[in-house]
Each structure stands twice: as C-alpha cells, then as structure tokens.
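Engineer: After the structure tokens below, expect a handful of questions from me.
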Amino acid sequence: MTEDQILSLISANILWLLLAILAILVIFRGLWIVPQSEQYVVERFGKLYKVLGPGINLIVPFLDRVAHRISILERQLPTASQDAITRDNVLVQVETSVFYRILRPEKTVYRIRDVDEAIATTVAGIVRAEIGRMDLDEVQSNRDQLISMIKKWVEDAVGDWGIDVTRAEILDVNLDQATREAMLQQLNAERARRAQVTEAEGQKRAIELQADGELYAAEQAAKARRVQADAEAYATGVVARAIAENGLEAAQYQVALKQVEAMGAMGQGSGNQTVIVPAQAVEAFANAFSMLKGRM
C-alpha cells in the first residue's frame, strides 16, 4: 500500500469519525427527556419558541436551546409576617403562608423576575387592605372568610404570571402587649358580668321555686279546708234531716251517744283510773241505752 493510499484511508476514517461525533452531538442536543414534574422553555434565536412537556421531545440542534427548566410542583412560600391596622385602629401582626403552582411557565419566566418575592409582596398588600376593612373582632372570628378573600384577590393579581394559587393560610394574628392587656381586662370584666348574671338568674329561679312551693302548699291547705268544711256540712245536714224526721228523740240519742263515747275514751287511759260519773250522766246513759235498745 502506497503512502497516498494510506493517507487517503486515514482521511476517510477521520471523516467518518467526525460524522459520528456530529451525529452524536445532534442526537444529544436535539433529543430531550423531560421529567413528569417539570416543563422546559425552548428559545430559537433568543425568542420563545415552545414549551416541552413531560416525556421525549425533539428540537433543532444549534438553532433551538432549552432556556429554562421550570418545576410545576406545588410550592410553599416562606412564612411571611406583616403589620396591619384594623378598622378600629388596632395594630396586628399577621403571619401568612401561600401555596401555588406554575401552570404557564412561558408567562412566569418572561413576565416576572422573582416570582416568590412578587407573590409575597402581593399577599402583604392584600392582607393589609383586607384587614383595614375589618374590626379586630371580625378578624379573629371570621378568619376563614378573610382567608378566602385573600386567596381570591391574590389569584386575580397573579393571573397574568401563569400561576395558580392553591391555598392561602393565616397562621396567626398577634397583638401588641398593650392591646393584649386591654383585651384581657375586657375579658375578665365580661366573665365577671356573666357570673353576676348567672348568680342573679339562679337567685331569681330559687325565689320563683319557693313562691311556687308556697302557692302549692296554700292551694293544698285550701283544698283540705274545703273538704273538711264539706264533710262538716254533710254531717250537719245528716243530723238536721234526722231531727226533722225523728224529732227531739233523735237529737237526744246523738247527744247521749257522744257522751258514752267520751266516757269510754276516758276509761281506756293508761294506769288505774277512777271515773266519777254525775247522776245526770248516768241518767243520760240509761236514756241512750234505752233508745239504742228501742232501735234494735
């Protein structure tokens, strides 16, 4: 093999090697595999050309280049704290946290330089504005409503940046020491007032129950007296009818019977007793026994 043939063979091999290297470079620069959690922004001659989604993508080597690799995972801004003044002139310190996702990376990279700082600044301004429309009690009691309003306003403000605000949170609302002491005094006064009201209501209820008990007792006593009066009236009526039907004899019989019952009760007392009976009583007994025997 001559020297010229050897040089020709070497040149051919070098050419093939260069072509192989060029093919490898073309494949390497033109074939892109994008992860599921990212999107790539491609520029052609320095201008936005297209956005590569997850999977295998092809671009034109040396003409196109991947300028930005954007994560589309949900992000959380660092906890931010900003001062705000409520409608009733109370200074509060609000701690907030915002979660967001990038949906249109071509808008995010070309319309805003520092997206985290821009969102944090927007949230701070919206929080101050919304709290300025509310009293302190409303801020503390309507926190869910305040969070919803902040999220809505933030979404409207960052809509042109290709961002979706997924969640906004108010972690804490802190007060200055003077306001805390004033609120504590107010709380203690309210507790004392409630205790006094509860005690007064308890005393009122006790008086009402006592009055109800006395009224019930009076009603029962009146009923008892009415029953006793009815019974006495009935007995008197019975005696009156007996006298009307039997005349004086029935009345004497009743009187004699009562005397016999009284003497019997005296004789049944405890111990040895001696009962002196007047002659008139003996005569009354005899009359009663005779009347009783006559009725039998």
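Every residue, every condition in (1) within 16 Å of LYS151 (Cα to Cα); (2) without any contact (Cβ under 8 Å) to a residue 60 or more places away in the chain; (3) in contact with a His (Cβ under 6 Å, 6 or more places away or on another chain), yes or no:
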residue	(1), (2), (3)
PHE99	yes, no, no
PRO105	no, no, no
VAL109	no, no, yes
ASP114	no, yes, no
GLU117	no, yes, no
THR121	yes, yes, no
ARG128	yes, yes, no
GLY132	no, yes, no
ASP135	no, yes, no
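Engineer: Just the residues that are out of contact with any Asp or Glu (no Cβ under 8 Å at 6 or more places or on another chain) and surrounded by fewer than 19 Cβ atoms within 10 Å (Cβ to Cβ), please, taken from region 131-140.
Structural biologist: GLY132, ARG133, ASP137, GLU138, GLN140
Engineer: If you go through region 83-103, how many residues are in contact with a Gly (Cβ under 9 Å, 6 or more places away or on another chain) and not aliphatic (A, V, I, L, M)? I'd like the intermediate steps shown before the answer.
Structural biologist: From region 83-103, those in contact with a Gly (Cβ under 9 Å, 6 or more places away or on another chain) are 84-87, 102-103; that's our starting set.
Subsequent filtering for residues that are not aliphatic (A, V, I, L, M) retains 86-87.
Residues in region 83-103 being in contact with a Gly (Cβ under 9 Å, 6 or more places away or on another chain) and not aliphatic (A, V, I, L, M): 2 in total.
Engineer: Taking into account only those residues within region 127-186 that are part of a helix (DSSP H, G or I) and of a type in the set (Gly, Ala, Ser), which is farthest from VAL109 (Cα to Cα)?
Structural biologist: Of all residues in region 127-186, those part of a helix (DSSP H, G or I) come to 127-131, 136-141, 143-161, 177-186.
If we keep only those that are of a type in the set (Gly, Ala, Ser) as well, we get 129, 141, 148, 157, 159, 178, 182.
Details: ALA129: 28, SER141: 39, SER148: 28, ALA157: 17, GLY159: 14, ALA178: 46, ALA182: 49 Å.
Looking at the filtered set, the residue picked out is ALA182.
Every number here is computed from the coordinates shown, using simple stated rules; none is lab data. Because the structure is predicted, anything quoted here is derived from the model rather than measured. Cβ sites come from the backbone with ideal geometry, for glycine too, and all protein chains shown count toward neighbours.
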